[in-house]
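A short write-up of the structure that comes next.
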Amino acid sequence: MKTNMEELARLVAQGTTTKDQSIKEKQLWNALDPGEKRQTTESVAFASFAGSTLLLPDPFDHSNEDPPRPDICTEIRGGKYYFELGEITDENLAKSISDPIRARTVSGCALSQIDPLGKMLDQKCRKRYETSGAPVDLLLYYWRQSPYEPVIEDYISENRTEIDRAFKNSGFQNIWIYDMESERVLWRGQR
């Protein structure tokens, strides 16, 4: 990872504890271009996942990649291993919250647990990645939207045939659904 990106990712992953750290986070974030912000977000999500699953001794021992390669490259058991990431969040909810804030009005809206998950699974499983034969996993994660596990479990159960078909046609070895807040894997599909 690049120096400013890694420093910011480590600060965010540790959680802000002081005013000085919060100021430092904002300064580092504002100095990044949009691509670096995306990669920093991916690094934080991956580090949380890798740390909580004990996948790597140092969860920051990875590099950010650019398309057509998957988002993250690391080394597992002596070989390259890739991870494609996707945040599960209801984009309509995000828009319905941000628009009134900008307009300084009050509004409410419904939250979808299913649509963002289904859309992200479909989108990522259809895409092809360049890995030079190295394995790749899909890591879908919740960060800004909290998951409601019974709905997710029902969705996976009710759509298992479609999920298995998409998984089979993808290049992924595993599909992980991860909650950053609880630092738990909610579901894992394996080949």
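Does the range 1-50 come out rounded, prolate or oblate, given a ≥ b ≥ c as the square roots of the eigenvalues of its C-alpha gyration tensor, rounded meaning a/c under 1.5 and, failing that, prolate meaning a/b above b/c? Before the final figure, lay out the partial values.
Details: a/c = 2.19, a/b = 1.14, b/c = 1.93.
Oblate, since a/c reaches 1.5 and b/c is not below a/b.
I'd like the distance between the alpha-carbon centres of the range 112-135 and the range 25-96, rounded to an integer number of Å.
Cα centroid of the range 112-135 versus Cα centroid of the range 25-96: 15 Å apart.
Hey, in the GNM for the chain with a 10 angstrom Cα cutoff, which one of S63, S170, S157 fluctuates hardest?
Among S63, S170, S157, the largest mean-square fluctuation in the Gaussian network model of the chain belongs to S157.
Would you mind classifying the chain by shape? Square roots of the alpha carbon gyration tensor eigenvalues, ordered a ≥ b ≥ c; an a/c under 1.5 is rounded, otherwise it is prolate if a/b is larger than b/c and oblate if not. Walk me through the numbers on the way to the answer.
Values: a/c = 1.76, a/b = 1.08, b/c = 1.63.
The shape class here is oblate.
Structure shown: which of K26/K124; K119/K168; K80/K127; K127/K168 lie over 24 Å apart, alpha-carbon to alpha-carbon?
Numbers: K26/K124 31 Å; K119/K168 17 Å; K80/K127 20 Å; K127/K168 13 Å.
Exceeds cut-off: K26/K124.
Springs between alpha-carbon pairs under 10 angstrom, Gaussian network model over the chain: which of L117, L11, L85 fluctuates most?
So, out of L117, L11, L85, the one fluctuating most is L11.
Laboratory data are not the source of any read-out in this text; all were calculated from the coordinates shown. These numbers were taken from a predicted model, which means no experiment stands behind them.
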